[in-house]
Structures are given as C-alpha cells and as structure tokens.
Amino acid sequence: MANEVAKVEEKAVAEYGAGVNLGDFFADELDGLTPSFERIKIPAGGGLAFEVPGNDPESPDSVKEFKAVILYHHPINCYYKEEYTGGNNPPDCGSMDGHVGIEAETGEVKNCAECEFSKFGTGKNGAKACKQKRRIYLLREGEALPIILSLPTGSLGELSKYIVRVRAKYAGTYCVVTKFTLKKAQNSGGINYSQAVFAIDRALTEDELKNIVPMCEQVKALSKKVTQLDEE
C-alpha cells in the first residue's frame, strides 16, 4: 500500500510544477520577445463550456470543466468607447493593475479610482463603463507553462467567495487544485451570461508546494511584462 501511495504522489508532483524555472525559459527561448501566454476563454450568452487551447490553434477544445492551480491573479480594467464586439482591438483605456490606467490615444495616465468611467451608472443597465476584470494565471495538470483565464465582472463575486473559503483552511489559493466550471446567470438587464464557479478539488502535497511556491513568484514577476490587454 505504501508503494502505491508513493506512486500517486510521484505522479502528482510530475503534474504540478516539477522542475520548471519560468525565468530561465523566457530568458533562453523568448529573449527580446514580449512574454505571452495561451488563454482559456469563457463563452458569452450563458454557455457552459470553456474554450481551451488544443493542438490546433485554429480549433480550440471545448470543455465543461478543468482543474488547475491558481499561481497568481490580479485586477485589470478595460474601457471601450464603443461596445466591444470581439477581436484583438485593444481598449481605449486600460489598466494592467486595476489602479493606474493609460489612455491609448493620448498616453495620459489616469487614477482608476477617480475616473468617471469607474462609477456605476456610466455603462449599460447602471453598470460601470470601465469593466473590472481579474486575470488569473493557472497551471493545469500535466503542463509546464501557465495559462491565462480572464474573469469577467460577473464572475468576480464567485471568485471572492471562493478565496474566502480557501483561506479559511489554507495559506492561499496556490495551496490547492481548483476545479473550474460554469453556470448560467442573468444580469439586472435580463441578459444571460456565463459565470465561473470554483471548488476545491484537493490540497497539494508538500512536494508539490515546494515546486509551486517559487513558480508563483516567477509568474508574479513575469505578469508585469505581459503588456497585451485586449480582453473579451
């Protein structure tokens, strides 16, 4: 029985962060290039399946749930003068930390807390014109590099509740494997949207944490170099 347990732990360590130094990888392989990560996308209109990168970049996979370790997360803000319709158009004003925004056309630096577009009632159905979101860096099992999930405004409340649940038992969300699913929700204007749901799958082993903790610090440092801010 002890041997079986050892084999399971060995497999778990191989799945989550074993022997990966992101700083070295980006320095060696992406010297002179802007760091970029693949993305998991949440559908619009109340869909219940994530769009996940697969072997074919032109044909992403569709999954109803996935599991990953949350390495790091931070707020971002995106403001579009005209309604965002998708594509790679950058926002008219964006903030990489949720606090300091930069207007694309003029380069003007703005304090997000004092900006008129961060107030309720400036957008549709009484919402804020500037969308507050959360960028999450995840490590899925069996993968060596993080992937990004950008949470829309409607999922932030669920994330907040989940963080409180995790912190009641663990030092942080990086200490557990999180299961991600979607549910259909409706805003005050009667529009259906897809809301992310989070659940603890299991706690990481001590060996896994030894690999994950330094990776969290590496991702936090690398996130400051990720300049792409176009978000769905």
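Computed from the coordinates by the stated procedures, all read-outs in this text should not be read as laboratory data. Owing to the predicted nature of the structure, the values given are computational and were not obtained by experimental measurement. Positions of Cβ are generated from backbone atoms using ideal geometry, with glycine treated the same way; all protein chains shown enter the neighbour counts.
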Unsatisfied cross-links (Cα-Cα over 32 Å) in the set Lys119/Lys184; Lys128/Lys183; Lys128/Lys169; Lys128/Lys210; Lys41/Lys220; Lys161/Lys224: Lys128/Lys169; Lys128/Lys210
- request: Once you have the Cα-Cα distance between Ala49 and Lys64, take 0.36 nm times their residue separation minus that, and quote the gain in nm to one decimal.
  value: 5.0 nm
Alpha carbon centroid spacing (whole Å) that separates the range 36-110 from the range 161-222: 17 Å
statement: For Glu82 and Ser188, extending 7 Å from Cα along the Cα-Cβ vector and measuring point to point gives, in nm, a value of 2.8 nm
